[in-house]
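The values are calculated or read from the model by the stated rules, or taken from the named source; none is laboratory data. Since the structure is predicted, the reported quantities are computational estimates derived from the model, not experimental observations. When we count neighbours, we look across all protein chains shown, and the Cβ atoms used for this are built from the backbone with ideal geometry, even at glycine.
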Amino acid sequence: MVNTTRRGFLGCGVAALPFLAFPALTRAASDARSDARSDARFGALPGAGACPPDFHSVSMALTGHEDLDEALVPRVWVALLARHPEFPARYRLLAEAMRQRGIHRSQDYAASGLRAEKALHEVSVEIVAAWYLGRVGPMLPRAEAGTPAFITYEGAMMWRPTSDVTVLPTYARGGPGFWAQPPLSLETD
């Protein structure tokens, strides 16, 4: 029988860590390559190309928020492109119309009359909806196909109006079991 000490057991465990971490590291590298291929696939769509440089400013003008997360800009573009392959051409028409009319803020858009041009207004609604909902496409009950293109959950603008009082459904601000204690405003002595 082999006499195993705690120190020897821990030493073997530490020595095994690189072997245990290797699959996770190779999976992360594979996921990064897959993301790059995915982005290249979207970029290869006819007329698609990369996210246009003015997409961020157009999004800010349409949403009325100048603090849009720059990291989400390409994700919003790719999600819109994934659900609507013809989106780049439609977007170019909207961006050009906004440039010609000098639209730089949501108030300018409202006063411009672009809402009356149905095709252009639909594109602007798609962009605003993507930023507010954090997804592109409808949520269908029990859907396995046709699911929405996901952008962000916590970063969706729909949470902003009540962010001071709304606990996002996936997070417990006070830690595990925080609901067991009554709020300070309701405690009685």
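Worth a mention:
- Residue selected from the stretch 118-135 under the condition hydrophobic (A, V, I, L, M, F, W, C) and without any contact (Cβ under 8 Å) to a residue 60 or more places away in the chain, by the criterion surrounded by the most Cβ atoms within 10 Å (Cβ to Cβ): 130
- Assessment of the stretch 148-156 against the conditions (at pLDDT 85 or above, among the β-branched types (Val, Ile, Thr), part of a loop (DSSP other than H, G, I, E, B) and surrounded by 10 or more Cβ atoms within 10 Å (Cβ to Cβ)) yields at least one matching residue.
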